[in-house]
1. Roughly what percent of Cα-Cα pairs across the stretch 339-405 reach past 16 Å?
2. Work the Kirkwood hydrodynamic radius out for the stretch 821-885: mean of 1/r over every pair of different alpha-carbon atoms, inverted, in Å.
3. Stick to the Cα atoms of the stretch 1-158, pair each with every other, and give me the Kirkwood hydrodynamic radius in Å at one decimal.
4. Near residue 688, which lysines are there with a Cα under 19 Å away, not counting those fewer than 8 places off in the same chain?
5. Just need the relative contact order of the chain here, percent rounded to a whole number, with Cα pairs under 8 Å and 6+ apart.
6. Using only the Cα atoms of the stretch 89-192, what semi-axes does the equivalent ellipsoid have when each is the square root of 5 times a gyration tensor eigenvalue? Give whole Å, largest first.
7. Using helices alone, I'd like the mean residue ellipticity at 222 nm for the chain: each DSSP H run of four-plus residues gives -39500 (n - 2.57), total over residue count, nearest 500.
8. Could you point to the residue in 526, 338, 815 farthest towards the positive end of the chain's charge dipole, with +1 and -1 charges on the Cβ of Lys/Arg and Asp/Glu respectively?
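The values are calculated or read from the model by the stated rules, or taken from the named source; none is laboratory data. Note that this is a predicted model, so its numbers are computed, not measured. FYI the Cβ positions are ideal-geometry reconstructions off the backbone, even for glycines, and counts take in every protein chain you see. Each accessible area value is taken on the protein alone, full model and side chains, heavy atoms only, with ligands, DNA and RNA left out. Shrake-Rupley method; radii C 1.70, N 1.55, O 1.52, S 1.80 Å.
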Amino acid sequence: MTSDEIRKSYLEYFQKQGHTIVPSASLIPAGDPTLLFTNAGMNQFKDVFLGIGQREYSRAVDTQKCLRVSGKHNDLEEVGHSPSHHTFFEMLGNWSFGDYYKQEAIAFAWEIVTELWKIPPELLWATVYTDDDEAEELWLQETDIPLSRIRRCEKDNFWEMGETGPCGPCSELFIDMGVDAYPETKDDPEAGPNTSDRFLEFWNLVFIQYNRDQSGDLKPLPATHVDTGMGFERITSILQGVDSNYKTDLFTPLLQAISDITSTDYSHDENGLPHRVIADHIRCLTFTIGDGVMPSNDGRGYVIRRILRRAVLYGKKLGMDTPFIFNLVDNVIDILGTAFPDVQPKRDFISRIIEAEEHRFHQTLARGLEILEQSIDTIKSDGSKELDGKSAFELYDTFGFPLDLTQLLTRERGISVDENAFEESMEAQRARGRADWAESGGGIKDDEVALYADVLKETGGTKFVGYTEHTSEAEVVALICGSESVTSAIEGDEVSVLLNQTPFYGESGGQVGDIGVIVNSNATLNVIDTQKPSPDLIVHKCIVVGGEITPFDNVTAKIDNNRRKQIAVSHTATHLLHSGLRTILGDHVSQAGSLVEAGRLRFDFNHYEAVSSEQLNDIECFVNEKIRGNDSLEINEMSLDEAKDKGALAFFGDKYGDVVRVVQSGDYSIELCGGTHVDATGSLGFVKLMSESSIAAGVRRVEAFTGDMAVTNIQKEEELLSELSGLLKTPKTNLFERISQIIQEQRELEQQIQQFNSKNALSNIETLIDGADIVDGIKVISSSIEKTNRDTLRQLVDQLKDRLKSGVVSLASSTGDDVAFVVGVTSDLVKSRGLNAGKIIQGITKLADGKGGGRPELAQGGSKNPEKVDTAIQATAKIVEDLMQ
């Protein structure tokens, strides 16, 4: 069977068993700040398992794009060495949400594996949790596996989502790859799953039946669920009769393409490691960039940038010194584009992003190799044979050198790497990353999940009526203070209020939440924000300004209607802006984030270069032309498949159900959107684009004013131009020329002042020499020169070194908040006394909260703290003294 046939047969089998085929979720987890990337098929159903979400179906099946490159599940270092570990992979899965349980899950698994896929039953083994008698009995009852091929395990057979929450025992299916391939196991009576690579696990059946509470106790869930996961690449290798995923039709065309491009032969041994790593990494890059992750210096983008650089470094081992990896994007999409069609229109965009990153890395790569060579030379001169872990980590972190490549390069020179110290630095970085990610995240707090789950279970969720009503009668179903459900809230209390229905829009899809009031005869509450912790719940963040409110009270919920109208203007404007961007820049443009609020919007999108002023003007003209057209907005609900067939665009980070809301204006904009909108584009009035900037590699940001605020902004700009015109006694039409003239005159005056200061500084050489300190027989000149540029400082350092013949010169100068440091050491002291200008500059700049570095004879540095210049420069003699000890 081909891989396409295997995938299709799996989905169709479970569809016949009453499962709904659901599309793969994005690699960017929607609404889950605890994850960098989607790493399992269950991620998109996490809210169901937690009890805070619902689906219209109780059985589901899919093939899910997954990425395991960070956190607990991180297979990066295994890639290429292991025949079955990857960064990017597909996970086949079937689920039951309170429907069938262990018996059916085991029976389904056995039928598809042995009857549909014809895997010989005598090769199959199963594992069960150590005390799961029921699962063991069912394997014996529903399958042909004898008791001798069922193992009880504890470590690998209990699945948990986290420290608290839904969990349960699991059963894994293994295939015996044969004693011929693993002769060392021939006479081992204990041979079996989890004892040898001979037994390959390929399917995990998780039976979710408990909830682990804060105290660690397991409590039975009111409903049980099934969550299964099967590595697609792994089952493909089994069914295609090969011993490595890289030998399947998922990889062989890609490996051949790499061989052709690099003019190197591929082999399945260690010599083929670079080919395998590149093949794995280009799959990862294609789909992460396709899902909206751009290489950058933090978060998801940082992970992707490092993976790309890792691929480039392995490319160098194949003799590739110029960008080439981007050429493989088409090969990846040719193999997997049918299964994941969303990536197909993004071919050119993905290729351009990868090519640009390759160029950027090749520019820094030579510097990394140079630093490694310097480190090796230093190690050899010191008589050592080990590269310290901190230096290895710097190469990894700054230049993208994976540890195994650094080890390869150092091993060739007879030098090892301190792996323990490297791992310490790595773990420290992971800890910082986890902290940064937690701080930047949002979503539901762990201790609130159970409360919201209870409310959802008891009430069935919040009915949103705000599309058509701005005031609604409702019943209070719950009050939450902090992380506790309360029976009342009185004046001055901050409380989260949940109603059975509401006109308040909960923050989602980039649109801010509504504000307003909740009132009855006994209480008045100001709603200061509205959140949407799950698709089925809306939470009103309130302050009680009078009286007392209790659960089951009847209340009137009323939004701030004027603010809502302004927000609707901004939201419709984002749709027109999105359409304008795609019309002017190209269809590769897709949303990467947004903020929609009253009077203004922010729109992030994928694009590979800065948007020119001319293009921005064209985009703004497009938007306002559509506004003047006053096209009616058509808003309809339909199935997700029907919406996609109509060409509807999905928004970044949103999670969609089977039935979606489609917003269309004219023939130029159709998007899936749950936000609030105007009735016709003419209601927007006017949109003014204010700025365009880069927020990450390949991600741009446009900000704009909308409606009344756009008009107000134009009026203020007009007032400012009038004031400038009067101040400069110049017509508005000539302001640019007049201001340019003034700036040029100022520059000329500054140059004259600079020249005067430079001449004055150079004329004071004798004074500086006379003031030199003597440290251990070495003359040390240190001084702060007023308002002198860096070039003049270097000239002055060189002249002083020539006059001294032997000595150290350390000079600094401040211009505004910018501080320049230059240190010089005469060559005789570098050779005879081991002095190093780079080390001296590091000591000086550290005292001034800056940075510096350079060669032994000349080093430079800078700082943004002019208050500490004198203290830092006066410490030069002490720094030299310390270095001489």
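1. Details: 1329 of 2211 pairs.
Of all Cα-Cα pairs in the stretch 339-405, 60 percent lie more than 16 Å apart.
2. Details: mean 1/r = 0.0865 Å⁻¹.
Taking the inverse mean of 1/r over all distinct Cα pairs, the stretch 821-885 comes out at 11.6 Å.
3. Details: mean 1/r = 0.0569 Å⁻¹.
It works out to 17.6 Å.
4. 565, 626, 716
5. On the way: 1656 pairs, mean separation 60.2, N = 885.
It rounds to 7 percent for the chain.
6. Values: eigenvalues 121, 63, 41 Å².
For the stretch 89-192, the ellipsoid semi-axes come out as 25, 18, 14 Å.
7. Numbers: 25 runs with 343 residues, N = 885.
Mean residue ellipticity, 222 nm, calculated: -12500 deg cm²/dmol.
8. Result: 815.
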